[in-house]
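To keep things clear, I will list the structure first and then write my remarks on it.
The values are calculated or read from the model by the stated rules, or taken from the named source; none is laboratory data. Given the structure is predicted, the values throughout are model-derived calculations rather than measurements. In this analysis, Cβ positions are derived from the backbone assuming ideal geometry, glycine residues included, and neighbour counts consider all displayed protein chains.
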Amino acid sequence: MSEARTFSDKKGLTMKLKFTASAVIAAALTLTACATSPTGRNQVLLYSETQLAQMGDQAFTGMKEELKISNKAVQNSYVECVANAITAQVPATVFNGQWEVVVFDDEQVNAFALPGGKIGVYTGLLNVAENQHQLAAVIGHEVGHVIAEHGNERMSQSTLINMGSQAVGQVLAANEVPQSGPIMAAIGLGVQVGVQLPFSRTHESEADVIGLQLMAKSGFDPRQSVNLWQNMDAASGGNRPMELLSTHPAPQTRIDNLQANMPNAYADYQATAYRPNCR
């Protein structure tokens with residue numbers, strides 16, 4: 001049955017939608033562990049460390065089966081040298097074991113780290129990261145994601161958003177709202193631009209700061225992190241989306257963030273006697 005709804009009906013429906021979605025998320029939050037990131041930001045984490053480590057191991061195993069692994073001993077040794085220096089600074093509470101480092105023979109300018117002590121570096125990155133310090137900035141950044149449990153946080157956020165969206169969809173259906181598809185699409189776009197993308201950019205900025213600290217305490221010159229992102233910007237050739245619609249901050253935003261945190265990082269670097277010699 002479909003009838004023309006009055007203004008008060010629509011207002012009541014809107015309030016009900018907001019209440020239902022909020023109630024679902026609030027109920028989920030009461031059942032989750034609240035945590036604090038290394039930079040002091042509040043987090044909600046739904047998954048255990050064991051679950052994340054298992055997922056990381058499965059993903060890494062799959063990648064090793066699908067992608068070509070570099071067989072260049074010198075190249076592999078160089079990457080392992082930098083990675084080992086960085087991971088030596090990782091708290092045992094994050095991972096207490098030997099990190100597995102794999103160099104993938106692929107022209108992607110990328111690297112990643114996974115829960116459970118996994119690091120992957122693509123050979124394309126070695127053409128942009130010009131020295132051990134710049135490579136340390138990338139690996140430190142990726143390990144920073146693991147330390148701050150960004151993977152757990154993103155999965156948790158996605159779970160909560162899906163719960164809220166399902167609740168809204170059920171309310172629309174229960175109230176026989178016509179053309180509810182466009183409404184759900186608009187909600188989805190709003191969540192992406194207003195919540196998910198800024199959330200991802202926050203993670204990237206936070207990982208930059210953690211990575212800067214890691215590389216400095218490992219004996220790598222943190223000032224080279226700025227040079228790295230200048231190289232990354234040049235390598236992109238300007239082909240990147242607007243910052244508002246991107247999962248990553250713009251290169252200049254990253255550089256500004258790094259420079260703002262440089263005094264403390266450089267002090268850590270000067271206080272560290274160890275100087276890696278990876279090549």
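Just to be sure, is Ile86 under 20 Å from Gln213 (Cα atoms), free of Cβ contacts under 8 Å to residues at least 60 places away in the same chain, surrounded by 23 or more Cβ atoms within 10 Å (Cβ to Cβ) and aliphatic (A, V, I, L, M)?
No, not satisfied.
Residue-wise test of (1) modelled with pLDDT of 95 or more; (2) assigned to a helix (DSSP H, G or I).
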site: Gly181; (1), (2): no, yes
site: Gly194; (1), (2): no, yes
site: Thr202; (1), (2): no, yes
site: Asp208; (1), (2): yes, yes
site: Ala216; (1), (2): yes, yes
site: Asp233; (1), (2): no, yes
site: Pro241; (1), (2): no, no
site: Thr253; (1), (2): no, yes
site: Arg279; (1), (2): no, no
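Against the conditions (1) modelled with pLDDT under 95; (2) farther than 25 Å from Tyr269 by Cβ, where does Ala73 fall short? Just the number, please.
Against the list (1) modelled with pLDDT under 95; (2) farther than 25 Å from Tyr269 by Cβ, Ala73 comes up short only on (1).
Residue check: is Thr247 among the polar types (S, T, N, Q), in a loop (DSSP other than H, G, I, E, B) and either at pLDDT below 95 or under 20 Å from Asn127 (Cβ atoms) (or both)?
It is true that Thr247 is among the polar types (S, T, N, Q), in a loop (DSSP other than H, G, I, E, B) and either at pLDDT below 95 or under 20 Å from Asn127 (Cβ atoms) (or both).
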